[in-house]
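Below is one structure; the comments refer to it alone.
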Amino acid sequence: MSNDALPSQTTLTKPPSIPHPQAQRSKSSALLTPDLPKLPIPPLKDSLSRYLRALEGLQTPEEHERTKEVVEEFLIPGGEGERWQSKLEEYARTQDSYIEEFWYESYLSHSDSVVLSLNPFFVLSSDVTPRSDPQLSRAASLILSSLSFIHDLRNGYLQADTVRGTPLDMSQYGRLFGACRVPTDRGCRMEVHEESKHIVVLRRGQFYWFDCLDSKNRPIFTDREILSNLEAIVKDADKTPVQSVAANSVGILSTESRKIWSHLRAELIKSNKLNASCLSVVESALFVVCLDDAGPEDLAELCGNFLCGGYKLEGGVQTGTCTNRWYDKLQIIVCSNGEAGINFEHTGVDGHTVLRYAADVYTELVLLFAKTINPSTPSLFKSKQSPFCKSAKNPPKEEDGEEDFEFQPKKLEWRLTPDLLAGIRYAETRISDLICQNDSQALEFKGYGGNFIKRHGFSPDAFVQMALQAAYYGLYGRVESTYEPAMTKAFLHGRTEAIRTVQPESVAFVKAFCSDHASVHEKIETLRTACKKHTQLTKECSQGLGQDRHLYAMYSLIQRDIQAYHASRARGSSATNGVSGKYNTNGSGTNGDSTGRISPNSQSAIIFSPQTHTSVLSGEGNGSVNGDSIPAPDQKPRVPALFKDPGYNLLGTSVLSTSNCGNPALRLFGFGPVTPEGYGIGYIIKDEGISICMSSKHLQTRRLLQTLQAYLVEVQKMLIQLWKEANERPEAFMDHTGVMRDARTGKKVEMDGDEDEKEDELLGGFGFFDVGVQAALPQARRRRPTVGKQLVIAEY
């Protein structure tokens, strides 16, 4: 690409038009969220009651009594709890959601690499369309379907999300495309380029881009034309030897810790205008397409490739797919064998939102294949081909005006300084370390699925959650804090609430199941009780009646009060306790007026930054943020004992971080662990199977999956046994000739010598769950064993 045709010199992203709150918006059901209630702040006493129940199974009786005392002290009338509850309620009156601002602060203040820590992944189900080129042909179809989704989203044709007729908040879709996480010295900020029209394609660490949408968000390509662009990109990129990719892979910088990446990004911008222009093109793109030159050979490698990229050394040089990523944006990843998936930046969107997008895109591909058989098959989207498309049958009309596009792909050519090359080198070393520390494994259980579970009267999600509890207890002999998100999108700007799976009922179940004294009936009854409790918890949390978000918002408000006090002391003047902040306009520093209002004429993106204590993403169009300036307290605020109690940290340390997210469009779903001694577990419950992806750092991931599989087989055997007992047929009888006959029909009964053998196939083999309760053993109560081993003295 010549120097006089820089990407930044083309019109890619115009300043977004930020409508006035009273102005009439488009008919988009996705951009105009229906009138929804605000997320409620539960009564403090109710939240703390749930808090104690969630801790009961995780603490010793002595520890739990101490936590109870702390809670009772916090609830004293007129005490700290009442005061902070009032402050939180007062703060919530000026916000769309009382948790939203603190949520973004939490995510954007994350200082480590986002790889394995924040970004989840989806693996799409296998392609239904026969293709001669499984990678590029499928990638072209995914791109075109994604562009059609964006068209419907931006033009108001996307059908609103609902659950059993209840409308859901749609605001997250505005942060799915054209969004980018940008590192700064004090955390990160989110930029949303609302009028982005182009995509970026990565191949062997090389960057390419081309325009995809016209001014009315109509695709300007057919899938065949996109395929031609991708073929040209691959042909050019594959001229780069695989051994030379890592040394110049700018994308690998996005895997660094946020502070290091911030410094390198600043160096990239300051080094020369070309680099700054290239970076602008990448960060403002609709999404990134990663065309890998490798195909995973097994499930574990497949999960690892979509979670953190592949690791492969040739002559001491990294040649894996980890060099072919940009983790600060939505990525569509397509392997050489046609396997495809999504890795997404999690700050602005939840799994449910990305799942809707993935499911719609996959459905469109199925319909396109059906259209080759029946041309009358309708499309899922209302998107029409742009009249500016090269293959358009009709020329543009006068009202379409004139538009200029970059139809042919252009390569971004970075001019890297020695410091940037060194940064790339060490970033590759660090991401390689992280990949080596990670162990991702997957299980596609085919024995049964949601249909079997529901036939026996269980909630499928609760059933799988108890399976995870039983498997972990069967392997480690203890229970640990477990997290599962419940969607709260029935509320304005709703995100999730934490379901704490470990409850007294679940602890009773795992102990009974692993006991050699409990009968099969007792084990299943405790399972049923635990599942009912989990279902009840899920309903409460989806109604905003949990404890985690409530207590975290209160804790964040206290921390903000303390920071305001110290700031006022340092300045010798009063500081604000409310919500204020500035907006960034140039991508490298803060700029804006003290009211926190956005100037539509100066903005290239909607931006949120944690250090400003301002959520533009939750603004009502004009970017203003409500919140009164509250004088700093005269006395130094202190953190209440409730948040210093070991129980608060114990509950918040999710050793088992789990999530149920899926439908037939997905094959696998997963994410990394949130604590070094824990597991990240994503699962999909299908009608006739259960897919589980599990990740950990240096733990027995494969063994825990095998234990889980053994449990699933064993509990199936128990359920079938109880069903047979409840529906037992009358015993057969032997007639005078010695022939066994059916008691009801009198017909001869055929004896099947293989019946016992078939029953044995349902057994779980080695009894992970026949080891007894082990209540007296140290590991049943402690995460780590006591120091040193006690020796047994012989008595003979």
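Solvent exposure of the range 99-141 amounts to 30 Å² per residue of accessible area, where only protein heavy atoms count and the probe is 1.4 Å. Direction-averaged projected area, Cα convex hull, the range 206-365: 11.3 nm², rounded to one decimal. Which of the lysines could be linked to Lys410 by a straight reach, that is with a Cα gap under 19 Å, when you skip same-chain ones fewer than 8 residues away? Candidates past the 8-residue exclusion: Lys197, Lys235, Lys239, Lys273, Lys390.
Reported to the nearest whole Å, the Cα centre-to-centre distance from the range 388-425 to the range 490-565 is 49. Averaging 1/r over each pair of different alpha-carbon atoms in the range 467-510 and inverting the result gives 11.8 Å, the Kirkwood hydrodynamic radius.
Charge tally for Phe221 (other residues, Cβ to Cβ under 10 Å; Lys, Arg +1; Asp, Glu -1): -1. Projected onto its three principal axes, the C-alpha set of the range 146-244 covers 54, 43, 28 Å, listed from the longest axis down. The loop-placed trypsin sites (Lys or Arg not before Pro) in the range 32-122, going by DSSP, that have at most 13 neighbouring Cβ atoms within 10 Å of their Cβ come out as Arg93.
A protection proxy built from the mean count of other Cβ atoms within 10 Å ranks the segments 275-281, 635-641, 412-418, 677-683, most packed first, as 677-683, 275-281, 412-418, 635-641.
For the range 334-433, report the accessible area per residue in Å² (1.4 Å probe, heavy atoms, rounded to an integer).
On the way: 5250 Å² over 100 residues.
Per-residue accessible area for the range 334-433 comes out at 53 Å².
Using heavy atoms of the protein chains and a probe of 1.4 Å, the accessible area assigned to Phe369 is about 60 Å².
Does the range 641-755 come out rounded, prolate or oblate, given a ≥ b ≥ c as the square roots of the eigenvalues of its C-alpha gyration tensor, rounded meaning a/c under 1.5 and, failing that, prolate meaning a/b above b/c? Cα axes put the range 641-755 in the prolate bin.
Can you give the translational diffusion coefficient of the range 451-557 in µm²/s, computed by Stokes-Einstein from the Kirkwood radius over Cα pairs at 37 °C and 0.692 mPa s?
On the way: Rh = 14.8 Å.
My calculation gives 222 µm²/s for D.
One way to sum up the overall shape of the range 319-469 is the equivalent ellipsoid from its Cα gyration tensor, whose semi-axes run 37, 33, 14 Å, largest first. Computed over protein heavy atoms with a 1.4 Å probe, the carbon and sulfur contribution to the accessible area of the range 629-696 reaches 52%. Of His352, His521, His456, His736, the order by accessible heavy-atom surface (1.4 Å probe, DNA, RNA and ligands excluded), from most exposed downward, is His736, His521, His352, His456. Pairs from the list Lys446/Lys686; Lys382/Lys489; Lys259/Lys411; Lys259/Lys697; Lys68/Lys539 with a Cα-Cα gap above 20 Å: Lys382/Lys489; Lys259/Lys411; Lys259/Lys697; Lys68/Lys539. All other residues whose Cβ lies under 13 angstrom from that of Phe669 are scored, Lys and Arg at +1 and Asp and Glu at -1, for a net of 0. Rounded to the nearest Hz, the phi-derived 3J(HN,Hα) couplings of the range 395-408 under the Karplus curve 6.51 cos²θ - 1.76 cosθ + 1.60 (θ = phi - 60°) are x, x, 7, 4, 6, 6, x, 10, 9, 10, 10, 9, 6, 8, where x marks glycine and proline.
Rg/Rh, computed from the Cα trace of the range 350-398 with Rh as the Kirkwood radius, has the value 1.12. If the Kirkwood radius is taken over C-alpha pairs of the range 150-206, then at 25 °C and 0.890 mPa s the Stokes-Einstein diffusion coefficient equals 173 µm²/s.
Taking the 1.4 Å solvent-accessible surface of the range 392-471 as the whole, the part contributed by carbon and sulfur is 44%. Taking Cβ atoms as reference points and 15 Å as the exclusive limit, the residues near Asp236 contribute a net charge of +2, counting Lys and Arg as +1 and Asp and Glu as -1. By the gyration tensor of its Cα atoms, with a ≥ b ≥ c the square roots of the eigenvalues, what is the shape of the range 386-497: rounded for a/c under 1.5, prolate for a/b over b/c, or oblate? Note, shape of the range 386-497 comes out oblate.
Entry note: the range 274-355 has Rg to Rh equal to 1.01, where both radii use alpha-carbon atoms and Rh is the Kirkwood radius. Over the range 76-120, the hull volume per residue, using the convex hull of the C-alpha atoms, is 113 Å³. Can you send over the carbon and sulfur percentage of the accessible area for the range 488-540, probe radius 1.4 Å, protein chains only? C and S atoms contribute 57 percent here. Averaged per residue, the range 471-571 has 34 square angstrom of accessible surface, using a 1.4 angstrom probe with ligands and nucleic acids left out. Normalised by 2.2 N^0.38 Å, where N is the number of residues, the alpha-carbon radius of gyration of the range 28-147 equals 1.75. Comparing Leu253, Thr222, His198 along the charge dipole axis of the range 184-259, the residue lying farthest to the positive side is Leu253, per the Cβ-charge model.
The values are calculated or read from the model by the stated rules, or taken from the named source; none is laboratory data. Every value quoted in this text rests on a predicted model; they were computed, and no experiment measured them. Positions of Cβ are backbone-derived with ideal geometry, glycine not excepted, and every protein chain shown enters the neighbour counts. Note: areas computed on protein heavy atoms with side chains; ligands, DNA, RNA excluded. Shrake-Rupley method; radii C 1.70, N 1.55, O 1.52, S 1.80 Å.
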